[in-house]
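Participant: First the structure, then my questions, so here it is.
Every number here is computed from the coordinates shown, using simple stated rules; none is lab data. Everything numeric here is computed off the predicted structure, so don't read it as measured data. Virtual Cβ from ideal backbone geometry, glycine too; neighbours counted across all protein chains shown.
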Amino acid sequence: MIDIKSLFENEIEKLLIDNGFQKFRSKQVVSWLKKGVDSFSEMNNIPKQLKEFLCENCYISSAKIERKLVSAIDGTVKYLFSFNDGECVESVVMKYHHGYSICISTQVGCKMGCTFCATGKSGYSRNLTPSEMICQIESAQKDLGVRISNIVLMGMGEPLDNYDNVVRFLKLISSEDSLNVGMRHITLSTCGVVPKIYELADLGLQLTLSVSLHAPTDEVRSETMPINKAYNISELLKACRYYINKTNRRISFEYAMIDGVNDTDECATILASKLKGMLCHVNLIPVNSVKGTGFVKSKIDRQQSFIDILSKRGVTATVRRTLGSDINASCGQLRRSYKEGGI
């Protein structure tokens, strides 16, 4: 069966023409898909023969809301979505002064095994298709009755481990035939799949690249992020500089502050020396409390000391605002609870 929502209009057009249908029918089909229909029977301006062909050969992906949590503190909404095969992923919608942002998943589970992350503890099942990424956004918009203007690929999974599907999603979502979200309103987060950073840079998509660094030395990073054993910090930062030079876009380095692990003054000094001169920003994130990790977030004065050391050495840094703290808005925890028979 063909995943029709993952196709571009010219591909749908070719599919229909090759099977004896008129060219203009593709625009009708695309128009209905853009409206978010769940079945071909809803496409009431296309002939019966075409509906039958589509039903027999194609399917429309959907993201069904299995769980929905709303923060009483800031209105952040966390969704657990299920797909046609029953697999589930999480998405989070956040309201900012500039509008609504959604953090979506790109895989069911994750292979990367970062020790502070809840997603990896549930294992990896499969990649998401471009349409399943789109459906998370459409379902959230429909449920909330809002227009989502910013997209962050920072939910479950490693986007660059699902490179082809993610790139197709990015091109689809930014086209007029889909949700028409500009690339500059999209952020892609990676834990450091170095070869794919180079490939992404060469595409020149003008999105924001967010790199999960989380440590200033290979010794510390390898303890918490297994990918560092494949691509060390030196290789990663070299790829990041290439990305900056190719796109002229500032990179955001994510840094989870873990008490007694990576939050010392020495860590800040080393980090500053490695990032000095780069077009970048450091996003400090008090680590989330995840069952089984034993990690504790850094104290507020330690966070400020870290920022001060970076700033004095010419590296800008801020502490990321925590949203949805009362609903465990970091990805992986709701799915894990659902699979274990919890809420």
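Participant: Need one word for the stretch 2-59: rounded, prolate or oblate. Basis is the Cα gyration tensor (sqrt eigenvalues a ≥ b ≥ c); a/c below 1.5 gives rounded, then a/b vs b/c decides.
Facilitator: Rounded shape, in that the Cα axes give a/c under 1.5.
Participant: Among TYR163, THR247, GLN141, which residue has its Cα furthest toward the positive end of the charge dipole of the stretch 136-288, with +1 on Lys/Arg Cβ and -1 on Asp/Glu Cβ?
Facilitator: Towards the positive end, the residue furthest out is THR247.
Participant: Magnitude of the Cβ-charge dipole of the stretch 181-281, K/R +1 and D/E -1, about the Cα centre, nearest 20 debye? Don't skip to the end; give the middle numbers.
Facilitator: Working: 11 positive and 11 negative charges, 129 e Å.
Approximately 620 debye in magnitude.
Participant: Now for a separate question. Mean-square fluctuation check for the chain, GNM, Cα pairs under 10 Å: which of GLY204, GLY86, GLY192 is largest?
Facilitator: So, out of GLY204, GLY86, GLY192, the one fluctuating most is GLY86.
Participant: Still on this structure: When the dipole is taken about the Cα centre of the chain, and only Lys, Arg (+1) and Asp, Glu (-1) are charged at their Cβ, what size is it in debye, to the nearest 20?
Facilitator: Roughly 600 debye, rounded to the nearest 20.
Participant: Okay, moving on. If you stretched the chain out fully between GLU223 and ASN57, how much longer would it get, using 0.36 nm times the residue separation minus the C-alpha to C-alpha distance? All intermediate terms of the calculation are to be shown ahead of the outcome.
Facilitator: On the way: separation 166, 0.36 × 166 = 59.76 nm, distance 4.77 nm.
Stretched fully, the GLU223-ASN57 segment lengthens by 55.0 nm.
Participant: What are the semi-axes of the equivalent ellipsoid for the stretch 194-268, taken as the square roots of 5 times the Cα gyration tensor eigenvalues, largest first, in whole Å?
Facilitator: Semi-axis lengths for the stretch 194-268 are 25, 13, 9 Å.
Participant: Order these by the 10 Å Cβ neighbour count, fewest first: SER71, SER131, SER149, SER61.
Facilitator: Neighbour counts put them in this order, fewest first: SER149, SER71, SER61, SER131.
Participant: Separate question: Can you give the three extents of the C-alpha atoms in the chain along their principal axes, from longest to shortest, in whole Å?
Facilitator: Rounded to whole Å, the extents work out to 69, 45, 37 Å.
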